[in-house]
Amino acid sequence: MSEKNIQTQLLAEFQEVESGINGHAAEPFNQRRLKAIESFKKLGFPTTKHEEWKYSNVRKLTQKEYNFHPKSDITAEDLNSFHLPELNGIVLYFVNGIYHPELSDLESAKGKVEILTFQEAQKQNPELLNTHYGIYTDEENEAFSAMNTAMANDGIIVHVPANVTVEQPIILRMVSDTREENVGSVLRNLIVVGENAEVKLAESFRTYGEHSGFVNTLTEISVAESARVDYYKVQDESNEAYHIGTTNVLQKDKSYFYAATVTLNGGFIRNNLNLKLDGEYIDSYMYGLYVPNGNQHIDNHTVADHTKPNSVSNELYKGILMDEATGVFNGKIFVREDAQKTNAYQNCRNVVTSDKAVMNTKPQLEIWADDVKCSHGTTTGKLNDEAIFYMQSRGIPKQEAIRLQLLAFAEDVVSQIKIEQIREFLAEKIKEKLG
Amino acid sequence: MLTVSNLHARVEEKEILRGINLEIKPGEVHAIMGPNGSGKSTLASVLAGREDFEVTDGSVEFQGKDLLDLAPEERAAEGIFLAFQYPVEIPGVTTINFLKTALNQIRKYRGEESLDAAQFLKLMKEKSKLVKIDDQLLRRSLNEGFSGGEKKRNEIFQMAMLEPTLGILDETDSGLDIDALRIVADGVNQLKDQNRSFIVVTHYQRLLDYIVPDFVHVLYKGRIVKSGTKELALELEEKGYDWIKAEADAAESVA
């Protein structure tokens with residue numbers, strides 16, 4: 001299968017999209033899709049010559065073919081057989097890219113949060129959809145975003161109206177069922193959080209099966225004035241999983257946004273987390289943790305774009321790379337000319353436990369304002385042999401000494417996870433993975 | 001208890017220990033003295049199992065076992081404790097959790113039951129009094145941001161918790177003021193009994209005012225060139241090491 005073939009496969013998909021749109025082309029939602037198709041045709045998949053993809057080669061991903069329309073008659077029994085960990089909250093299920101409201105818990109959301117599919121929104125609340133959908137996304141320059149907009153047929157809007165506090169976390173559970181064939185999932189969701197509203201969101205990605213799974217996911221989050229959003233992205237995907245995910249966030253005055261991206265497993269993962277701080281007195285936090293082993297590849301690209309004065313962004317990413325795993329961290333901080341009195345901090349620390357593991361880090365600060373406080377630091381090192389010997393000399397076996405130190409290293413990020421259930425689940429999984 | 005015979009060790013190409021012989025019986029305190037670079041700390045490290053050193057010849061028998069055959073953690077479980085000259089800072093691991101893991105690993109090795117939280121805390125309370133170490137310090141990350149004195153006190157506290165049969169103090173006196181030195185020495189003295197032995201590695205005689213040795217050995221160029229009682233330490237304090245160096249160098253050139 002050559003690269004041309006997945007392109008061909010996608011072009012055929014697009015043709016279908018276009019004929020489906022026929023007659024509704026004037027709707028803004030469809031306008032955007034048609035434009036995205038053109039954009040993708042122009043861009044094609046990025047190669048490693050592309051600055052943003054220098055260390056992440058998508059060739060293997062594009063050399064495969066995927067079924068983008070696998071059977072969708074998933075039942076509650078199927079879900080049970082996946083043995084997903086229990087979670088308390090408003091749990092919404094997506095299997096192979098398709099939202100399953102019949103399997104989701106929409107009851108507890110009632111009266112607090114509006115959860116609509118895009119199709120529903122086009123009829124019931126087109127204004128909400130058209131005000132926010134696609135606005136925070138750059139389809140002109142990002143091939144995977146263009147592909148996402150072009151192909152995402154349906155997704156959901158989660159709308160938290162102004163002044164509403166949603167106590168229970170809203171959990172978007174994305175399952176790839178690759179038991180029978182290679183599966184492609186295009187997921188697109190939109191989160192709109194009104195003024196002074198408060199919500200906790202989690203996206204969890206899991207693979208179930210041995211075949212390849214390609215996930216192209218894009219989430220847009222609009223955080224209005226004084227709103228507070230906690231966002232978790234948890235990935236426990238297979239070694240045959242290819243995940244290209246983008247989260248685009250727009251923050252307004254006095255809002256608070258917190259993100260924790262934890263990657264436990266995944267063959268090839270690219271996470272883009274883009275924050276636009278479009279207001280004053282904003283607080284933004286980005287935490288990340290990745291623990292690849294084997295041949296896993298995990299790439300995190302983040303952006304904190306300060307456009308107005310007096311805001312704070314703070315970022316801490318940590319990685320433990322084992323075996324022949326590879327990792328990428330690229331953190332951009334932009335401080336625009338108007339964004340005086342910005343405080344922006346970025347820190348990325350990594351431990352490699354083998355000579356064959358590789359971490360590529362690239363902090364990128366671009367500052368046009370003159371009265372700002374910014375700092376960044378990246379380190380990649382090995383475990384401290386002296387510390388291991390110290391622990392051994394007190395009776396702790398070497399493997400256990402290594403494990404204790406790695407756990408302590410990860411703890412800085414794990415301890416930042418505010419939902420106890422998620423924190424404990426992750427702590428347990430990390431313990432397991434570190435052996 | 002410990003028999004070191006003709007021990008040779010090197011780091012990379014450099015031979016540092018060149019035939020050490022040493023016999024330690026239960027309850028004895030041996031001081032190892034010597035000028036800088038004589039191999040004192042290397043001897044301590046080799047006994048504890050540090051991997052940086054390669055043993056090229058000789059043997060070490062500890063309570064009937066071939067010590068050199070054991071991993072560092074096995075030596076600890078067999079009853080050897082090395083108090084580090086430079087205790088390591090370990091961020092994110094509290095002294096309490098660290099010691100609980102260590103103690104229970106050692107108990108597991110010996111086929112004993114793990115201590116539960118209550119038993120462990122009781123033991124900790126008892127032992128922390130011994131070296132007058134603050135409980136709050138033990139709740140912090142291991143040695144992180146500790147003063148020099150606090151680190152050394154923490155070493156002795158850990159030794160008290162793990163109750164070794166052979167305690168090796170590697171320049172425990174370095175960087176300590178006289179009060180801290182006294183507290184550390186008091187801790188060691190309280191641990192002394194007829195079955196527990198100590199090797200006290202030190203450059204200065206000062207510590208030996210407080211921890212009185214039964215034997216004093218002078219190490220020079222990787223060999224024990226003189227052995228004696230505590231009076232030898234006093235003589236070294238008074239006259240320095242030059243006369244011993246001269247004696248040893250003369251003997252070597254004759255040989």
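The values are calculated or read from the model by the stated rules, or taken from the named source; none is laboratory data. Quick caveat, the model's predicted, so the values are computed rather than measured. So basically every Cβ, Gly included, is an ideal-geometry build from the backbone, and we count neighbours across all protein chains shown. Remember, those area values only see protein heavy atoms, side chains included, never the ligands or the DNA or RNA. Shrake-Rupley method; radii C 1.70, N 1.55, O 1.52, S 1.80 Å.
Counting only protein heavy atoms and a 1.4 Å probe, tell me what percentage of chain B's accessible area is made up of carbon and sulfur.
Numbers: 5260 of 11440 Å².
Roughly 46 percent, rounded to a whole number.
Run the simple label-point estimate for A:N57 and B:W243 please: 7 Å along Cα→C-beta, distance reported in nm.
7.3 nm
What accessible area, summed over both chains, is buried at the A-B interface (1.4 Å probe, Å², nearest 100)?
On the way: alone 18590 and 12300 Å², together 29040 Å².
Interface area, both chains combined: 1900 Å², rounded to the nearest 100.
Rank A:W53, A:W368 by accessible area, highest first, at a 1.4 Å probe radius? Walk me through the numbers on the way to the answer.
On the way: A:W53 20, A:W368 130 Å².
Result, largest first: A:W368, A:W53.
What accessible area per residue, rounded to a whole number of Å², is obtained for chain B using a probe radius of 1.4 Å?
Here the per-residue accessible area is 45 Å².
Starting from the Cα of B:R139, step 7 Å along the direction of its Cβ; do the same at A:N196; then give the gap between the two resulting points in nm.
3.9 nm
Over the whole of B:69-75, what's the average partner chain Cβ count within 10 Å per residue? Rounded to a whole number, please. Don't jump to the answer; show the numbers that get you there.
Working: counts 0, 0, 3, 12, 12, 3, 3.
If you average over the peptide's residues, the count of other-chain Cβ atoms is 5.
Can you give the charge dipole size of region A:383-435 about its Cα centre, rounded to the nearest 20 debye, using +1 on the beta carbon of Lys and Arg and -1 on the beta carbon of Asp and Glu? Don't jump to the answer; show the numbers that get you there.
Details: 8 positive and 9 negative charges, 21 e Å.
Rounded to the nearest 20 debye, it is 100 debye.
Are there residues in region A:395-435 whose accessible area shrinks by at least 10 Å² when all protein chains are included rather than the chain by itself, and which are they (probe 1.4 Å, ligands and nucleic acids not counted)?
Listed by number, the residues meeting the 10 Å² cut-off are A:G395, A:I396, A:P397, A:K398, A:E400, A:L404, A:Q405, A:A408.
Between the DSSP loop rule and a limit of at most 12 other Cβ atoms within 10 Å, which GluC sites (Glu not before Pro) in region B:102-179 are left?
Those that pass, being in a loop and sparsely packed, are B:E112, B:E113.
Given 10 Å bins starting at zero, what is the percent of C-alpha pairs of the protein assembly as shown in each, up to the one with the largest pair distance?
Computed distribution, short to long bins: 3, 13, 20, 19, 14, 12, 10, 6, 3, 1, 0.
Anyone know which of B:A44, B:A102, B:A185 comes out most mobile in the 10 Å Cα GNM of chain B?
Fluctuation is largest for B:A102.
Using a ≥ b ≥ c from the Cα gyration tensor of region A:3-278 (square roots of the eigenvalues), is it rounded, prolate or oblate, where a/c under 1.5 gives rounded and otherwise the larger of a/b and b/c decides, a/b for prolate? Mind dumping the intermediate values first?
Details: a/c = 1.41, a/b = 1.21, b/c = 1.17.
It comes out rounded by the Cα gyration axes.
How big is the gap, in Å, between the Cα center of region A:191-234 and the Cα center of region A:275-348?
After rounding, the separation between the Cα centres reads 17 Å.
For region B:2-254, what are Rg and Dmax over the alpha carbons, in angstrom?
18.3, 63
Starting from 0.36 nm per residue, how many nanometres of slack lie between A:D385 and A:H83 once their C-alpha separation is accounted for? Spell out each step's value before the answer.
Values: separation 302, 0.36 × 302 = 108.72 nm, distance 3.94 nm.
Here the answer is 104.8 nm.
Can you give the accessible area per residue of region A:383-435, in Å², using a 1.4 Å probe? Don't skip to the end; give the middle numbers.
Details: 2200 Å² over 53 residues.
Value for region A:383-435: 42 Å² per residue.
What is the sum of charges around B:I183, taking Lys and Arg as +1, Asp and Glu as -1, for the other residues whose C-beta is under 15 Å from the C-beta of B:I183?
Details: positive: B:K127, B:K129, B:K132, B:K151, B:K152, B:R153, B:R182, B:R206; negative: B:D134, B:E150, B:E155, B:D173, B:D177, B:D179, B:D186, B:D209.
Neighbour charge sum, excluding B:I183 itself: 0.
Mind giving me the FRET efficiency for B:D179 and B:E61? R0 is 35 Å, r the Cβ-Cβ distance, nearest 0.05 is fine. List each step's numbers first, then the result.
Details: r = 39 Å, r/R0 = 1.11.
E(calc), rounded to 0.05, equals 0.35.
List, in the order given, every pair from B:K40/B:K192; A:K110/A:K332; B:K14/B:K152; A:K398/B:K152 whose Cα-Cα distance in the structure shown is over 28 Å. Numbers along the way, then the final one.
Numbers: B:K40/B:K192 22 Å; A:K110/A:K332 39 Å; B:K14/B:K152 30 Å; A:K398/B:K152 23 Å.
Going by Cα-Cα distance, A:K110/A:K332; B:K14/B:K152 fall outside the 28 Å limit.
Taking a virtual spin label 7 Å from the Cα of B:T3 along the C-beta vector, which residues in region B:43-62 bring their backbone nitrogen under 19 Å of it?
Flagged as within label range: B:47, B:57-62.
Quick one: net charge around B:Q119, please, counting Lys, Arg +1 and Asp, Glu -1 for every other residue with C-beta under 13 Å from its C-beta. Could the numbers behind the result be given before it?
Details: positive: B:K100, B:R107, B:K122, B:K125, B:K127; negative: B:E112, B:E113, B:D116, B:E126.
Its environment carries a net charge of +1.
Step through the table entries A:K433/B:K129; B:K65/B:K127; B:K125/B:K221; B:K108/B:K230, compare each Cα-Cα distance with 32 Å, and write down the pairs that go over it. Could you put the intermediate results ahead of the total?
Numbers: A:K433/B:K129 39 Å; B:K65/B:K127 29 Å; B:K125/B:K221 43 Å; B:K108/B:K230 39 Å.
Among A:K433/B:K129; B:K65/B:K127; B:K125/B:K221; B:K108/B:K230, the Cα-Cα distance tops 32 Å for A:K433/B:K129; B:K125/B:K221; B:K108/B:K230.
Given a 1.4 Å probe and the protein chains all in place, what does the accessible area of A:F329 round to, in Å² to the nearest 10?
Surface open to solvent at A:F329 totals about 0 Å².
Out of every Cα-Cα pair in region B:49-189, what percent are more than 17 Å apart?
On the way: 6197 of 9870 pairs.
Across region B:49-189, Cα pairs with separations above 17 Å total 63 percent.
For the pair A:S375 and A:Q119, how long in nm is the line joining their label points, each one 7 Å along Cα→Cβ?
5.3 nm
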